[in-house]
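See below for the structure under consideration.
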Amino acid sequence: MRYNKKEMKIRLDYNNMMSTAVADGFTDKDFSSRLGEITNAFEAVKAGRGKNMMGWTDLPYNQTEVIEDILATAKYVRKNFEYFVVLGIGGSALGPIAAFQAICHLHYNDLPKRKRKGPKFYVEDNVDPERMAALLDVIDVEKTMFNVITKSGSTSETMTQYLIINDILTSKLGDKAKDHIIATTSKATGNLIKIAQKEGYKTFYIPDGVGGRFSELCPVGLFPAAVNGIDIKALIGGAKYMDEQCQSANVKKNPALMAGTLQYMAMQKGKNISVMMPYADGLKFIADWYCQLWGESLGKNKNLDGTACNKGQTPVKALGVTDQHSQVQLYAEGPFDKVITFIGVDEYRSEVKIANGCEEFPNVNFLCGHTMNELIQAERKATEYAITKAGKMNHTIMLPQLNEFTLGQLLMFFMLKTAYTGALLGIDTFNQPGVEEGKNATYALLGRPGYDEKRAELANAPQKQNKYII
Ligand code: PA5
């Protein structure tokens, strides 16, 4: 589908980050006094485009061929399978979940097949045995296509799931088990690619310069999206449109650079928490995806020059209006340590009128004649007002509608914003040694060959004392 760019342009409203709205907000001078830093960050991201771990910046431009392969394979899966299951974790799961929630029907799996037009969709991103058992209770593996996604090809959680599923498939289908598994992984490294070649699985490749949390716009996200009937060309088109909007070194003309700069300046004022609060159930899991992107990219203990630091901003997910009745009290009256990002939608995909009734109760009846659409907009604006009145920094990203084109813009916006913020912080945005440490300790604990040293390290770590367990 083609979208009108101007009508579907997402907007960043940062009024409530400025001193005109909140006491410790910024002035225009704050940008001019940091011009050197901002320009350097812009240039660093520009120079890095397409290189090393910034291959994701090329994704809106270099996937014509793979998109055709994805669409053809997705068509086959939609036609021939009742269930489609992603096995993956972290960046290999959060993007597919977020896009599914954003674009597909909010009760997709409960729809009848004729309305869904594709298989039921599940993403298994944990190794809780109860969850695996529960999945096996609701799917028929003989009617299921599994998409095993792991960039490294060795993540314990994903490979555990693969081993279990492959064993079940093989016991039921013998040689035909291979027709129920599609691998999405690195072409050059890891075990999954070797397994896929040996078993003859259909395979999609994750480009070298695309890390897990930056991978939603490559086959990691595009293939599940296409199986779920999402228009991936429009998604990519939206990402490209946002990328085009972020080509200027002028912070006031580059939305992602502006958003990153605002967060960076806020961190310097002790705002160490970034709350992501979309006002749309469809965007609920965009907040989860953002939490990984922001947390894993910016939480670092080394500067680029190797000197020690402890940087980052803790991401928190919230949902409007649900969390107004849970978190907003803290946001309004608690410490001045947060920046709140609201995401609003101008035009929701459904309109629901509030029915007449309760005439004798004016405090209820005032709602009648309005729509739920008006109510959610009023609540978003009211919460923004209350938070601003309390002096807390916040800004709003407005989507004209929630569709593939605006989602593509949003994903690219957050990825670019993260890259700019990492450059401003002077850290390596694209590594994750803290995650690797945990992965390696797991390998050691479960006896993976080559991890003897790590096993010894763990054995020598301070042991827990019973006196502190009650
Ligand atoms: O962003 C990252 O690199 C990580 O969070 C990974 O996505 C996560 O650890 C899963 O890794 P893999 O895709 O290699 O299984």
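Results, tabulated for the structure shown:
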{"item": "Partners for residue 120 among lysines (Cα-Cα distance below 19 Å; same-chain residues under 8 apart left out)", "result": "75, 79, 143"}
{"item": "Entries of 172/194; 392/417; 6/284; 117/198 with Cα pairs more than 29 Å apart", "result": "117/198"}
{"item": "Sites matching GluC sites (Glu not before Pro) across region 1-77 that sit in DSSP coil, with at most 12 neighbouring C-beta atoms within 10 Å", "result": "7"}
{"item": "Helical mean residue ellipticity (222 nm; -39500 (n - 2.57) per DSSP H run of 4+; nearest 500) of the chain", "result": "-14000 deg cm²/dmol"}
{"item": "Sequence ranges 219-225, 402-408, 454-460, 138-144, ranked by mean other-Cβ count within 10 angstrom, highest first", "result": "219-225, 402-408, 138-144, 454-460"}
{"item": "Amide H within-cut-off set for residue 229, under 5 Å, with H built and near neighbours excluded", "result": "none"}
{"item": "Per-residue Cβ neighbour rank within 10 angstrom, fewest leading, 347, 384", "result": "347, 384"}
{"item": "Exposure proxy ranking, count of Cβ atoms within 10 Å, fewest first, for 53, 145, 277", "result": "53, 145, 277"}
{"item": "Relative contact order, percent, the chain [alpha-carbon distance under 8 Å, six or more residues apart]", "result": "22"}
{"item": "Convex hull volume per residue in cubic angstrom - Cα atoms of the chain", "result": "198"}
{"item": "DSSP bridge pairs, the chain: antiparallel proportion in percent, nearest 5", "result": "15"}
{"item": "Mean Cβ count within 10 Å, highest first, over the residues of peptides 350-359, 391-400", "result": "391-400, 350-359"}
{"item": "Across 9/252; 202/300; 317/439, pairs whose alpha-carbon gap is larger than 28 Å", "result": "202/300"}
{"item": "Hz values of 3J(HN,Hα) by residue in region 29-40 - Karplus curve (6.51, -1.76, 1.60), Gly and Pro given as x", "result": "5, 4, 6, 5, 6, 10, 3, x, 4, 5, 5, 4"}
{"item": "Equivalent ellipsoid semi-axes - Cα gyration tensor, region 260-308, angstrom", "result": "26, 14, 7"}
{"item": "Distant-in-sequence amide H partners of residue 316 (H built 1.01 Å from N, under 5 Å)", "result": "274, 275, 276"}
{"item": "Point-to-point label distance, residue 465-residue 310, nm (Cα→Cβ direction, 7 Å offset)", "result": "2.3"}
{"item": "Taking N as its residue count, the alpha carbon Rg of region 98-238 over 2.2 N^0.38 Å", "result": "1.06"}
{"item": "Those aspartates and glutamates that a straight Cα-Cα span of less than 17 Å connects to residue 29, excepting residues fewer than 8 apart in one chain", "result": "37"}
{"item": "Aspartates and glutamates with Cα under 13 Å of residue 454, excluding same-chain neighbours fewer than 8 positions away", "result": "436, 437"}
{"item": "Taking region 125-202 and dividing mean pair separation by its residue count, relative contact order in percent (alpha carbons under 8 Å, at least six apart)", "result": "35"}
{"item": "Sequence-distant residues sharing a close amide H with residue 184 (under 5 Å, placed H)", "result": "148, 149, 150, 204"}
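FYI, it's all coordinate maths here, none of it is from the lab. Note that the coordinates shown come from a computational prediction; the quantities given were computed from them, not determined experimentally. Note that each Cβ is placed from the backbone with ideal geometry, even for glycine, and that neighbours are counted across all protein chains shown.
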